[in-house]
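Asker: Sharing a structure, written as structure tokens. Questions coming.
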Amino acid sequence: MRLSRSLVPTLKETPAEAQIVSHRLMLRAGLVRQTAAGIYAWLPAGLRVLQNVAAIVRAEQDAAGAQELLMPTIQPAELWRESGRYEDYGKEMLRLKDRHERDLVYGPTNEEMITDLFRQSVHSYRALPQILYHIQWKFRDEVRPRFGVMRGREFLMKDAYSFDIDYAGAVVSYRRMMLAYMRTFRRMGLKAIPMRAESGPIGGNMSHEFIILAPTGESAVYYDAAFEEIDYSASGFNIFSDADLEHFFTLMTTHYAATDEKHDAAAWAELTLGRKREGRGIEVGHVFYFGTKYSAAMGFSVAGPDGRPVAPEMGSYGIGVSRLVGALIEAFHDEAGIIWPDAVAPFRTAILNLKPGDAACDRIAEGLYEKLAPSALYDDRDERAGVKFADADLMGHPWQIVVGPRGAAAGRVELKRRASGEREEVGTESALARII
RNA sequence: CGGGGCGUGGCGCAGCUUGGUCAGCGCGCGUGUUUUGGGUACACGAGGCCGCCGGUUCGAAUCCGGCCGCCCCGACCA
């Protein structure tokens, strides 16, 4: 992308409405613009991040055997009346009517709809288990949207739903999603910790929220150092092995971890000093098992092995995709701006042509851009060098290639790594070699 | 939903208490010169129904009422 012809409106000053760092940086780096309270337009660079995050989520869901589908944003109220939540959900649910005066809702979640879809076609236990997911926009009419994209009213969410014939199966599905989640966050460079959450009417230890560590996170978290030592992505765990999943689950749930609301001072005191870790965190995912709550309420059963009807055991698993973009910035930034992890950066490289119009600079910069194009942002603007440096740091590209008149004549460029700040002067070929 | 605050060119703000060349400043934007590796300097210039509606007044950005929008704290939530 050529910056001179791109809608990436960076700002030198922070708009007054933005308080927390991710919100400020998202506005300043030209990633999003607010259209209404808690509702945002994703500009080109921001959309690329959102899509990169979604792609990682998708890849790990697929790797866990979940099937992607796409359910609509608008749902008939009928489904919600069936489960009883039309009345229960309250004002957070955006309700609307079509021209025929039919009641509709802009979906805040999809348990009813997936149950309905599933029951239409699945009638036997032999088709189970299955996990389905989609990545779709949701709307929850929060009383008080805040923190920019982290607590919006409209948000992009990955939500998955598991169907099993019995509790044992549901447990396996639950653990499978848990492992998929840990891998997902890790791939984004995030440290995530599953923390026991309220499990609702079902009880048990089958609801966890995933907290990622970020110095500016909204809640204080306390956890055992053990969480820093586990390698979820390594071949250690086979996501399709029940035994591995059990081992993994035990590992995840035996060590202490809690947000400040659920912090247990007594349990915390028992931890050895060297293992205590305190930090701040942001919830980016939530998994829970809810048994037959929806299948029973909505009259969904399949034929069991003995031919008798059985209400499937279900669970649901959410990841806040758009929230993650904000959370990533909370985790990765400095005074100058964003520091994108390579996996989600909108552009892997920024090519800064310090002197457009200079034959040598143009030749080298254009040449580099041709080779790196899809993942490179070419700053070809007629701006001062300082402006380009500042914007590149603000936007947080993992790599910067600085093409200036000084080195260009000799075929040299400066390669800068955003995260470490290291720079070195190299030839164009070795710059390319380092980046690709 | 309770409490607090704010709406003045694209962004950040001053002006409002003490109605009357107050529509202004910085940044940004345009043109020119300058500078040329970390947001350069100078000059000239474009750009505002002062959130909306109504009221008070000879006169309202400024006072009064209503409405809308946005932000912060709390309760609630991916």
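Asker: Which FRET efficiency, nearest 0.05, do A:A336 and A:A41 yield, Cβ-Cβ r, R0 25 Å?
Answerer: On the way: r = 25 Å, r/R0 = 1.00.
Calculated transfer efficiency: 0.50.
Asker: Quick check for me: using +1 on Lys/Arg Cβ and -1 on Asp/Glu Cβ, what's the dipole size of region A:349-435 about its Cα centre, in debye to the nearest 20? If you can, show how the numbers build up before the last one.
Answerer: Working: 13 positive and 15 negative charges, 42 e Å.
The calculation lands at about 200 debye.
Asker: Where the only charges are on Cβ atoms (+1 Lys, Arg; -1 Asp, Glu), what is the dipole of chain A about its Cα centre, to the nearest 20 debye? Walk me through the intermediate numbers first.
Answerer: Details: 53 positive and 59 negative charges, 211 e Å.
Result for chain A is approximately 1020 debye, rounded to the nearest 20.
Asker: What does the convex hull of the alpha-carbon atoms of region A:349-435 project to on average, in nm²? Mind showing how you got there, number by number?
Answerer: Working: hull surface 19.3 nm².
With every direction weighted equally, the projected area is 4.8 nm².
Asker: Also, quick follow-up: Find how many whole Å separate the alpha carbon centroid of region A:405-436 from the alpha carbon centroid of region A:107-165.
Answerer: After rounding, the separation between the Cα centres reads 46 Å.
Asker: I've got another one for you. Cα convex hull of chain A: how many Å³ per residue? Each step should come with its number before you reach the end.
Answerer: Details: hull volume 74.1 nm³, N = 436.
It is 170 Å³ per residue.
Asker: Averaged per residue, what accessible area in Å² does chain A show with a 1.4 Å probe, protein chains only? Walk me through the numbers on the way to the answer.
Answerer: Numbers: 19070 Å² over 436 residues.
Roughly 44 Å² per residue, with all protein chains present.
Asker: On the first, second and third principal axes, largest extent first, how far apart are the outermost C-alpha atoms of region A:388-429 in Å?
Answerer: For region A:388-429, the Cα spread along each principal axis is 29, 17, 13 Å.
Asker: Still on this structure, I have one more. Report the residue, chosen from A:A267, A:A225, A:A376, that carries the largest GNM mean-square fluctuation when chain A is represented by alpha-carbon nodes joined by springs under 10 Å.
Answerer: A:A267
Asker: Using a 10 angstrom Cβ neighbour count of at most 12 plus a DSSP loop assignment to flag exposed GluC sites (Glu not before Pro), which longest range of chain A is free of such sites? Don't jump to the answer; show the numbers that get you there.
Answerer: Working: sites that count: A:E13, A:E17, A:E101, A:E198, A:E229, A:E335, A:E422.
Longest site-free region, per DSSP loop and neighbour criteria: A:230-334.
Asker: Then there's this: Which residues in region A:205-229 place their backbone N less than 19 Å from a point set 7 Å from the Cα of A:K276 along the Cα-to-Cβ direction?
Answerer: Zone members listed by number: A:220-228.
Asker: Separate question: Of all beta bridges DSSP finds with both residues in region A:349-435, what is the antiparallel percent, to the nearest 5?
Answerer: Details: 9 of 18 bridges.
In region A:349-435, approximately 50 percent of DSSP beta bridges are antiparallel ones.
Asker: Who wins for biggest fluctuation among A:S121, A:S83, A:S316 in a Gaussian network model of chain A, springs between alpha carbons below 10 Å?
Answerer: Top of the fluctuation ranking is A:S121.
Asker: For region A:9-85, what ratio Rg/Rh do Cα atoms give with a Kirkwood hydrodynamic radius?
Answerer: Value, to two decimals: 1.13.
Asker: List the lysines whose alpha-carbon lies under 25 Å from that of A:K388, not counting same-chain residues fewer than 8 positions away?
Answerer: Once the sequence-local lysines are set aside, what remains near A:K388 is A:K12, A:K355, A:K371, A:K416.
Asker: With a 1.4 Å probe and every protein chain kept in, tell me what percent of the accessible surface of region A:1-157 is carbon plus sulfur. Mind showing how you got there, number by number?
Answerer: On the way: 3870 of 7670 Å².
Percent of accessible area from carbon and sulfur atoms in region A:1-157: 50.
Asker: By how many degrees, between 0 and 90 and to the nearest 10, does the Cα long axis of helix A:385-395 differ from the longest principal axis of chain A?
Answerer: The helix A:385-395 is inclined about 10 degrees to chain A.
Asker: What full-extension length gain, to one decimal in nm, is calculated for A:T216 and A:L96 as 0.36 nm per residue of separation minus the Cα-Cα distance? The partial results should precede the final answer.
Answerer: Details: separation 120, 0.36 × 120 = 43.20 nm, distance 3.71 nm.
Computed gain between A:T216 and A:L96 is 39.5 nm.
Asker: If exposed trypsin sites (Lys or Arg not before Pro) are those in a DSSP loop with at most 15 other Cβ within 10 Å, what is the longest stretch of chain A that has none?
Answerer: Result for the longest clean stretch: A:103-383.
Asker: Quick one: compute the contact order of chain A, relative version, from alpha carbon pairs under 8 angstrom and 6+ residues apart, as a percent. Don't skip to the end; give the middle numbers.
Answerer: Values: 879 pairs, mean separation 74.3, N = 436.
Computed value for chain A: 17 percent relative contact order.
Asker: Suppose the chain between A:E228 and A:A433 were pulled fully straight at 0.36 nm per residue; how much longer would it get relative to their current alpha carbon spacing? All intermediate terms of the calculation are to be shown ahead of the outcome.
Answerer: Values: separation 205, 0.36 × 205 = 73.80 nm, distance 3.22 nm.
Length gained, A:E228 through A:A433: 70.6 nm.
Asker: Share of region A:349-435's accessible area from carbon and sulfur, percent, 1.4 Å? Mind dumping the intermediate values first?
Answerer: Working: 1880 of 3920 Å².
Ligands and nucleic acids excluded, carbon and sulfur reach 48 percent.
The values are calculated or read from the model by the stated rules, or taken from the named source; none is laboratory data. What you see is a predicted model, and the numbers here were worked out from it, not measured in a lab. When we count neighbours, we look across all protein chains shown, and the Cβ atoms used for this are built from the backbone with ideal geometry, even at glycine. Side chains included, ligands, DNA and RNA excluded: accessible areas come from the protein's heavy atoms. Shrake-Rupley method; radii C 1.70, N 1.55, O 1.52, S 1.80 Å.
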